[in-house]
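Chemist: Submitted below is the structure of interest, expressed as structure tokens.
The values are calculated or read from the model by the stated rules, or taken from the named source; none is laboratory data. The structure presented is a predicted model; accordingly, all values stated were derived computationally and were not measured. Virtual Cβ from ideal backbone geometry, glycine too; neighbours counted across all protein chains shown. Side chains are part of the model used for accessible areas, which takes the heavy atoms of the whole protein and leaves out ligands, DNA and RNA. Shrake-Rupley method; radii C 1.70, N 1.55, O 1.52, S 1.80 Å.
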Amino acid sequence: MVADRLPDAAEVESLNAEFANADPASTLRWALSRFNDRVAIGTSFQASGLVILHHAHVHHLPLRCFTIDTGLLFPETIALRDRVTNYFGIEIEVLRPELSLGDQARDFGPELWARRPDTCCTVRKVIPLQAHLLTLDGWVTGLRRDQSAARQRVQRFELYRFDPVRDKSILKINPLADWSRDRVWAYVREHEIPFNPLAQRGFQSIGCQPCTRPVGDHEGERAGRWTGFEKTECGIHTFMEAHV
Ligand code: SF4
């Protein structure tokens, strides 16, 4: 069953038609008015997330914000998190895995990311996110269709069941679904938003240190993630079952 404040599949379809060409701020405004404190922006401080935070800030939309700290992030990403907190004057809730890196090595062996990255991502990202989503009805993300082949069908609004046992669903809200990478970066530069300095060293998609490398001019935006594995997604956007 879908909670009362969540739209059903028919309303999601109509929302996607209504907001197809809408400014991100309109999408964020709708989310806030519908869910109040039961919606939050999830970000890893990549350029798309920064654009969303900026829209919320300049349009006075006090959305909650959270991020996941796996314990394996680049120092530059941690520094940016602190800078963004001050720049926008917001609180950012930091989700952390239950297992420390030492616990993980004890339970699964050393450098799990180099042997079983899916398990590592589940422990360090998906499980903390699942727990947090139980407190929300709406989750704002920076997903864009042009990021990869796997993301080409991203809609502005997507309804997912993520916990069949509790019958818990969530509305994923992707205000930049139709934005290109160039448009995102033009916005960041135009508004002089602080960004991760790794971006200027070829890191187009920035995750954990062991699983991220810079990419060449002819590679896709997410080609530098999990090199040597078939894996293209960490799992936070793929563990849920879509409503049809
Ligand atoms: Fe582990 Fe790599 Fe996933 Fe980070 S991105 S949680 S290090 S497998």
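Chemist: Please tell me if residue 15 is open to solvent by less than 10 Å² (accessible area, probe 1.4 Å), assigned to a helix (DSSP H, G or I) and closer than 19 Å to residue 136 by Cβ. Full working, then the answer.
Modeler: Numbers: open to solvent by less than 10 Å² (accessible area, probe 1.4 Å): yes; assigned to a helix (DSSP H, G or I): yes; closer than 19 Å to residue 136 by Cβ: yes.
So residue 15 fits the description; yes.
Chemist: Continuing with the same structure: Being open to solvent by less than 20 Å² (accessible area, probe 1.4 Å) and either at pLDDT 95 or above or within 16 Å of the ligand (Cβ to nearest atom) (or both) is true for just one of 127, 173. Which residue is that? First the steps, then the outcome.
Modeler: Working: 127 fails: open to solvent by less than 20 Å² (accessible area, probe 1.4 Å).
Selected residue: 173, the only one of 127, 173 that is open to solvent by less than 20 Å² (accessible area, probe 1.4 Å) and either at pLDDT 95 or above or within 16 Å of the ligand (Cβ to nearest atom) (or both).
Chemist: So residue 107 ticks every box in (1) in a loop (DSSP other than H, G, I, E, B); (2) more than 12 Å from the ligand (Cβ to nearest atom); (3) surrounded by fewer than 18 Cβ atoms within 10 Å (Cβ to Cβ) but one. Which box is left unticked?
Modeler: Of (1) in a loop (DSSP other than H, G, I, E, B); (2) more than 12 Å from the ligand (Cβ to nearest atom); (3) surrounded by fewer than 18 Cβ atoms within 10 Å (Cβ to Cβ), only one is false for residue 107: (1).
Chemist: Would you pick out the residues in region 38-76 that are within 26 Å of residue 111 (Cα to Cα), open to solvent by 10 Å² or more (accessible area, probe 1.4 Å) and not hydrophobic (A, V, I, L, M, F, W, C)?
Modeler: Correct list: 43, 44, 46, 69, 71, 75, 76.
Chemist: If only one of 103, 107, 69, 118 is touching a Lys or Arg at 6+ places or on another chain (Cβ under 6 Å) and either in contact (Cβ under 8 Å) with a residue 12 or more places away in the chain or farther than 30 Å from residue 34 by Cα (or both), which one is it?
Modeler: Only one candidate passes the filter, namely 69.
Chemist: Go through (1) farther than 15 Å from residue 240 by Cα; (2) open to solvent by 30 Å² or more (accessible area, probe 1.4 Å) one by one and return the number of the condition residue 147 breaks.
Modeler: The number of the failed condition is (2).
Chemist: Look through region 222-244, keep the residues that are in a loop (DSSP other than H, G, I, E, B) and more than 16 Å from the ligand (Cβ to nearest atom), and return whichever of them is modelled with the lowest pLDDT. Before you say what the answer is, go through the steps one by one.
Modeler: Step one: of region 222-244, the residues in a loop (DSSP other than H, G, I, E, B) are 222-224, 226-240, 243-244.
Filter again for more than 16 Å from the ligand (Cβ to nearest atom), leaving 240, 243-244.
Values: 240: 80, 243: 75, 244: 56.
This residue is 244.
Chemist: Quick one: in region 155-204, which of the residues that are small (Gly, Ala, Ser) and out of contact with any strand residue (DSSP E or B) (no Cβ under 7 Å at 6 or more places or on another chain) is nearest to residue 74 (Cα to Cα)? Before you say what the answer is, go through the steps one by one.
Modeler: Filtering region 155-204 for residues small (Gly, Ala, Ser) gives 169, 177, 180, 186, 199, 202.
Among the residues that remain, those that are also out of contact with any strand residue (DSSP E or B) (no Cβ under 7 Å at 6 or more places or on another chain) are: 177, 180, 186, 199, 202.
Working: 177: 26, 180: 25, 186: 24, 199: 12, 202: 14 Å.
Here the residue is 199.
Chemist: Of the conditions (1) assigned to a helix (DSSP H, G or I); (2) of a type in the set (Ser, Thr, Tyr); (3) within 23 Å of residue 5 (Cα to Cα), residue 187 clears all except one; give me its number.
Modeler: Every condition holds for residue 187 apart from (3).
Chemist: What are the residues in region 190-215 that are modelled with pLDDT of 90 or more, away from the ligand (no atom under 11 Å from the Cβ) and not polar (S, T, N, Q), if any?
Modeler: 190, 191, 192, 193, 194, 195, 197, 198, 199, 201 - these are the residues of region 190-215 that are modelled with pLDDT of 90 or more, away from the ligand (no atom under 11 Å from the Cβ) and not polar (S, T, N, Q).
Chemist: Given the residues 224, 220, 235, which is the only one that is open to solvent by 20 Å² or more (accessible area, probe 1.4 Å) and in contact (Cβ under 8 Å) with a residue 12 or more places away in the chain? Walk me through how you get there before you give the answer.
Modeler: Details: 224 fails: open to solvent by 20 Å² or more (accessible area, probe 1.4 Å); 235 fails: open to solvent by 20 Å² or more (accessible area, probe 1.4 Å).
Only one candidate passes the filter, namely 220.
Chemist: Among the residues of region 21-37, how many are crowded, with 17+ Cβ neighbours inside 10 Å and farther than 16 Å from residue 48 by Cα?
Modeler: Adding up the residues that qualify gives 6.
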